[in-house]
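Novice: Following this message is one structure expressed as structure tokens.
The values are calculated or read from the model by the stated rules, or taken from the named source; none is laboratory data. This structure is a prediction, so every number in the text was calculated from the model and none was measured. Here Cβ is always computed from backbone atoms with ideal geometry, including for glycine, and neighbour counts include all displayed protein chains. Each accessible area value is taken on the protein alone, full model and side chains, heavy atoms only, with ligands, DNA and RNA left out. Shrake-Rupley method; radii C 1.70, N 1.55, O 1.52, S 1.80 Å.
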Amino acid sequence: MLVVCNYHYIREDFNYTYPSIFGLTARQFENQLIQLSKYGSFISQAELLKFKDKPFDKNYILITFDDGLSEQFILAKPILNRLGIPFVCFINTMNYQENKVSLVHKIHIVRSETSPEEIINFIKKDFSISLTKEEKSFARVNYNYDNDVSASLKYLLNFKLNVKEQEQIMNPLFTSIRNEKQVNKELYFSNDQLNTLFNEDSLGSHSHNHIPLGKYTENEIEKEFEKTQSFFKNRFNKEAYSISYPYGSYEACNKVIGIGKKNNFKLGFSMERGVNLNLGEPLMLSRYDCNDLITGKNNLFKNKDLFTESNKSNWYR
């Protein structure tokens, strides 16, 4: 069986005015890897492909990172190298081709420095929206790491507003506190880091833009995949063979398998919480967020075995 563990932010600390980024410190990251090692053997993306037409011979764990953040290279990679653990980092190629900051990261930066009440009031200037009691309840359950106001803000952004509307709200807030070119330079992998990761076969695609692909037309998804593969071909003379779908929800992954195959992807990762029994559909593999696993904030496996008592991958069916 295969368990995939996904990470985003790895930092020295997360001491922000307004809690909005939930990652791991380097020490927490290393401790989680050590605990995970008790349950299975770590595997690389290249080794994983060997099981496309045969069952797993034992329990494996794959370590992945989304968004291509430089801190993953600076803080996480040395730990992984020291422990001898392979991994793969998924990048949004727009960050490098257009030198822009992804909307999701603009939101995180704004939320870390601006109160949720202020952002909600800013939203209400342009949009006459509010949450029902049921929606507020759903927000608290869905965003259980946040307080009630922050959870409501996340629900407004992710469920009540589309991407264009989110940009309309967040772009002016972001530019009032940050320089986009400078943030782009500091936040994402440098050219040298990209080259190192690709040469070590530790790089994959997170699509071109950080958008929920399944909510777009098949033609728009096709263009996203073509753009990201074009970047890999122009930059490295070789296409990416693995892709992580932004947001990773069922809605965000709907319709992607066939288009992924058409664009030569061999491995694809959602955020369905579950263990993969085999590579029955290698373009819809389940992953756990690091917070869901041993030592995480929302540990789903207290007194449970990581493999035998995990949910089974099912979305591809």
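Novice: Hey, can you tell me all the residues within region 128-146 that are among the polar types (S, T, N, Q) and either more than 16 Å from P116 (Cα to Cα) or in contact with a strand residue (DSSP E or B) (Cβ under 6 Å, 6 or more places away or on another chain) (or both)?
Specialist: The first filter runs over region 128-146 and keeps only residues among the polar types (S, T, N, Q), leaving 128, 130, 132, 137, 142, 144.
Answer for region 128-146, where residues must be among the polar types (S, T, N, Q) and either more than 16 Å from P116 (Cα to Cα) or in contact with a strand residue (DSSP E or B) (Cβ under 6 Å, 6 or more places away or on another chain) (or both): S128, T132, S137, N142.
Novice: For region 1-52, which residues satisfy the criterion of being free of Cβ contacts under 8 Å to residues at least 12 places away in the same chain and among the hydrophobic types (A, V, I, L, M, F, W, C)?
Specialist: Matches in region 1-52: F14 only.
Novice: Look at region 210-242 and say how many of its residues are part of a loop (DSSP other than H, G, I, E, B) and acidic (D, E).
Specialist: Step one: filter region 210-242 for residues part of a loop (DSSP other than H, G, I, E, B), giving 210-212, 216-217, 237-241.
If we keep only those that are acidic (D, E) as well, we get 239.
Residues flagged as part of a loop (DSSP other than H, G, I, E, B) and acidic (D, E) within region 210-242 amount to 1.
Novice: Tally up the residues in region 88-129 that are in contact (Cβ under 8 Å) with a residue 24 or more places away in the chain, assigned to a loop (DSSP other than H, G, I, E, B) and either at positive phi or not β-branched (V, I, T) (or both), please. Lay out the reasoning, then the answer.
Specialist: Taking region 88-129 as the starting set, the residues that turn out to be in contact (Cβ under 8 Å) with a residue 24 or more places away in the chain are 88-97, 99-117, 119-120, 122-123, 126-127, 129.
Imposing the further condition that a residue be assigned to a loop (DSSP other than H, G, I, E, B) reduces the set to 92-93, 99-102, 114-115, 127, 129.
Among the residues that remain, those that are also either at positive phi or not β-branched (V, I, T) (or both) are: 92, 99-100, 102, 115, 127.
So the count comes out to 6.
Novice: Here's something else I'd like to know. Quick check, is Y250 farther than 19 Å from M94 by Cα, open to solvent by 10 Å² or more (accessible area, probe 1.4 Å) and hydroxyl-bearing (S, T, Y)? Steps first, please.
Specialist: Working: farther than 19 Å from M94 by Cα: yes; open to solvent by 10 Å² or more (accessible area, probe 1.4 Å): yes; hydroxyl-bearing (S, T, Y): yes.
It is true that Y250 is farther than 19 Å from M94 by Cα, open to solvent by 10 Å² or more (accessible area, probe 1.4 Å) and hydroxyl-bearing (S, T, Y).
Novice: What's the total number of residues in region 103-130 that are open to solvent by 50 Å² or more (accessible area, probe 1.4 Å) and among the polar types (S, T, N, Q)? Full working, then the answer.
Specialist: Of the residues in region 103-130, the ones open to solvent by 50 Å² or more (accessible area, probe 1.4 Å) are 113, 117-118, 121-122, 124-126, 128, 130.
The next check asks that each one be among the polar types (S, T, N, Q); those that pass are 121, 128, 130.
Count: 3.
Novice: Follow-up question, since we're still on this one. When you scan region 182-217, how many residues do you find that are of a type in the set (D, E, K, R), in contact (Cβ under 8 Å) with a residue 40 or more places away in the chain and under 18 Å from F269 (Cα atoms)?
Specialist: The qualifying residues number 1.
Novice: So which residues in region 1-27 are surrounded by fewer than 15 Cβ atoms within 10 Å (Cβ to Cβ) and part of a helix (DSSP H, G or I)? Even if it seems obvious, please write down each step before you answer.
Specialist: Step one: list which residues in region 1-27 are surrounded by fewer than 15 Cβ atoms within 10 Å (Cβ to Cβ), which gives 12-17, 27.
Selection gives R27 alone.
Novice: What residue, of K223, K255, is at pLDDT 95 or above, more than 18 Å from the chain's Cα centre (by Cα) and either surrounded by 15 or more Cβ atoms within 10 Å (Cβ to Cβ) or not acidic (D, E) (or both)? Even if it seems obvious, please write down each step before you answer.
Specialist: Working: K255 fails: at pLDDT 95 or above.
Checking each option against the conditions leaves just K223.
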